[in-house]
Amino acid sequence: MSDTEFSGRHAVITGGARGMGFAAAQRLLAGGASVSLWDINADALTLAAEKLDAGTAVSTRAVDIANYAAVEAGMQAEADAFGGISALVNCAGIAGVNALVEEFPVDVWHQVMQVNLGGIFHCCRAAVPHMRAREYGRIVNVASVAGKEGNPNASAYSASKAGVIALTKSLGKELATAGITCNVITPAVIATEMLDDVTPQQLDYMLAKIPMGRPGTVAEVAEMVAFLASDRATFSTAAVFDMTGGRATY
């Protein structure tokens, strides 16, 4: 890894206050980038910036990505402050609830779709014009293996992540000659704070599906993000990058 690989580049990272987004920020900062952490939780953003301890290379913005007006204004402010947007890393998302389809709360369904799929659409829609202006950009979306396989009792989450995969494929093809790539990562179980809310029995069930027999790490996801956000990944776009320890079959 070069500590200047991302020198002069600015990345907007949604869900950047914790988990995969925070790890991605650490990795891009280590490569010389400046980053803007976006999250809905302002307190978590303050704590994340303190942990990163990277001075002016880190900025934070409390944004509800389900609100397009807020996303558009935030993206314009980032471009103005940093002279453009080189990369967009979409990590923000919510799980919803576990329930059968016939019992799934309608309001929760719409909320999951609005955040997980609508939020990524909003961020891409707002960022692409700034990337087109510079004829350069890297978009990395984080979906889930649930978007490939469909997890039982998680219809909204699975459907929203499948939508992210399709959105990425569509946008990547639209931008294929614009100097902008758009790819998606599909993790299985990743060791983040979210696992604190999972029972040992549930975790054993999930790990049993992974041939490697372990969860992935945020550092492993961050490495994939860094590759796709770099100039090493120039001929991959509209592509799905598996991170499931062998679980996914396609």
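Taking the longest Cα principal axis of the chain as reference, the axis of helix 155-174 is set at about 30 degrees. Taking all protein chains as they are arranged and a probe of 1.4 Å, the heavy atoms of residue 249 leave approximately 130 Å² accessible to solvent. Accessible surface computed residue by residue for the chain, with neighbouring protein chains in place and a 1.4 Å probe, gives 46 Å² per residue. As a fraction of the 1.4 Å probe accessible area of the chain, surface on carbon and sulfur atoms comes out at 55 percent. Compared with the direct C-alpha span, the chain from residue 195 to residue 76 gains 39.4 nm at full extension, assuming 0.36 nm per residue.
In a reduced charge model with +1 at each Lys and Arg Cβ and -1 at each Asp and Glu Cβ, the chain shows a dipole moment near 720 debye about its Cα centre. Over the chain, Cα pairs under 8 Å with separation of 6+ residues give a relative contact order of 19 percent. Across the chain, the fraction of Cα-Cα pairs farther apart than 23 Å, rounded to a whole number, is 47%.
Note on region 1-102: Cα-Cα pairs beyond 23 Å make up 24% of the total pair count.
Inter-label distance, residue 202 to residue 69: 3.6 nm, where each label sits 7 Å from its Cα along the C-beta direction.
Once you sort the root eigenvalues of the Cα gyration tensor of region 193-250 as a ≥ b ≥ c, which label holds: rounded (a/c under 1.5), prolate (a/b larger than b/c) or oblate (the other case)?
Working: a/c = 3.33, a/b = 1.96, b/c = 1.70.
Because a/c hits 1.5 or more and a/b exceeds b/c, region 193-250 counts as prolate.
Mean-square fluctuation check for the chain, GNM, Cα pairs under 10 Å: which of 235, 121, 22 is largest? It is 235.
Sort 32-44, 199-211 for me by packing, meaning the mean count of neighbouring Cβ atoms within 10 Å per residue, highest on top. Don't skip to the end; give the middle numbers.
On the way: 32-44: 21.0, 199-211: 12.1.
Packing order, densest peptide first, comes out as 32-44, 199-211.
Would you list, by chain and number, the lysines whose Cα falls below 30 Å from the Cα of residue 209, excluding same-chain residues fewer than 8 positions away? List returned: 148, 161, 169.
The values are calculated or read from the model by the stated rules, or taken from the named source; none is laboratory data. This one's a predicted model, so the numbers in the text were calculated from it and none came from an experiment. Here Cβ is always computed from backbone atoms with ideal geometry, including for glycine, and neighbour counts include all displayed protein chains. The area values use the complete protein model at the heavy-atom level, side chains included, leaving out ligands, DNA and RNA. Shrake-Rupley method; radii C 1.70, N 1.55, O 1.52, S 1.80 Å.
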